[in-house]
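Report on the following structure.
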Amino acid sequence: MASYYADKFHGRKTASGELYDKTLYTAAHRTLPFGTMVWVKNIKTQDSVQVRINDRGPHIKGRIIDVSRVAAVDLKLIRAGQAKVEVWSE
């Protein structure tokens, strides 16, 4: 499952030291190294985006990645707030 950052996190520091920017294609993952580029695909809609890992999380059981707001819009996550996804790197 994927979810996305609430707007209140815009401008806050991430675990990598960068400031979270809701307009950039970034994401949080528990173990992948910072800077790793991964693809995220919404299984239901088949929409996909590429994001760069720059934070740690998600901190909710069952979720594997938190994406930025712009990525969530492209993945059609906004209405539901979460979705089943596939995550991979090339």
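Taking every DSSP beta bridge that has both ends in region 2-88, the antiparallel portion is near 70%. Dipole magnitude for the chain: about 360 debye, using +1 per Lys or Arg Cβ and -1 per Asp or Glu Cβ, origin at the Cα centre.
GNM on the chain, alpha-carbon springs under 10 angstrom: the most fluctuating residue among LYS76, LYS61, LYS41 is LYS61.
The relative contact order of the chain, computed from alpha carbon pairs under 8 Å that lie at least 6 residues apart in sequence, is 40 percent. Comparing ARG52, ARG12, ARG30 in a Gaussian network model of the chain (Cα springs below 10 Å), the most mobile by mean-square fluctuation is ARG12.
Candidates HIS59, TRP39, THR14 compared by Cα position along the dipole of the chain: farthest toward the positive end lies HIS59, with charges placed on Cβ. Under a 10 Å cutoff between Cα atoms, tell me which one of ALA27, ALA80, ALA71 has the largest fluctuation in the Gaussian network model of the chain. Between ALA27, ALA80, ALA71, it is ALA80 that shows the largest mean-square fluctuation.
For GLU90 and ASP7, FRET efficiency with R0 = 30 Å and r from the beta-carbon atoms, rounded to 0.05? It comes out at approximately 0.50. For the chain, the 222 nm mean residue ellipticity estimated from helices alone, with every DSSP H stretch of n ≥ 4 adding -39500 (n - 2.57) and the total spread over all residues, rounds to -2000 deg cm²/dmol. Per-residue Cβ neighbour counts within 10 Å put VAL73, VAL67, VAL49, VAL85 in the sequence VAL73, VAL49, VAL85, VAL67, beginning with the fewest. Taking the alpha-carbon distance from LYS84 and a cut-off under 19 Å, which lysines remain once sequence neighbours fewer than 8 residues away in the same chain are dropped? Reachable lysines: LYS41, LYS44, LYS61, LYS76.
Shown for TYR5, TYR20, TYR25: other C-beta atoms within 10 Å of each C-beta, ranked fewest to most, produce the order TYR25, TYR20, TYR5.
Here, each number is a calculation from the coordinates, and none is a lab measurement. Given the structure is predicted, the values throughout are model-derived calculations rather than measurements. Neighbour counts run over all protein chains shown; Cβ positions are idealised from the backbone, glycine included.
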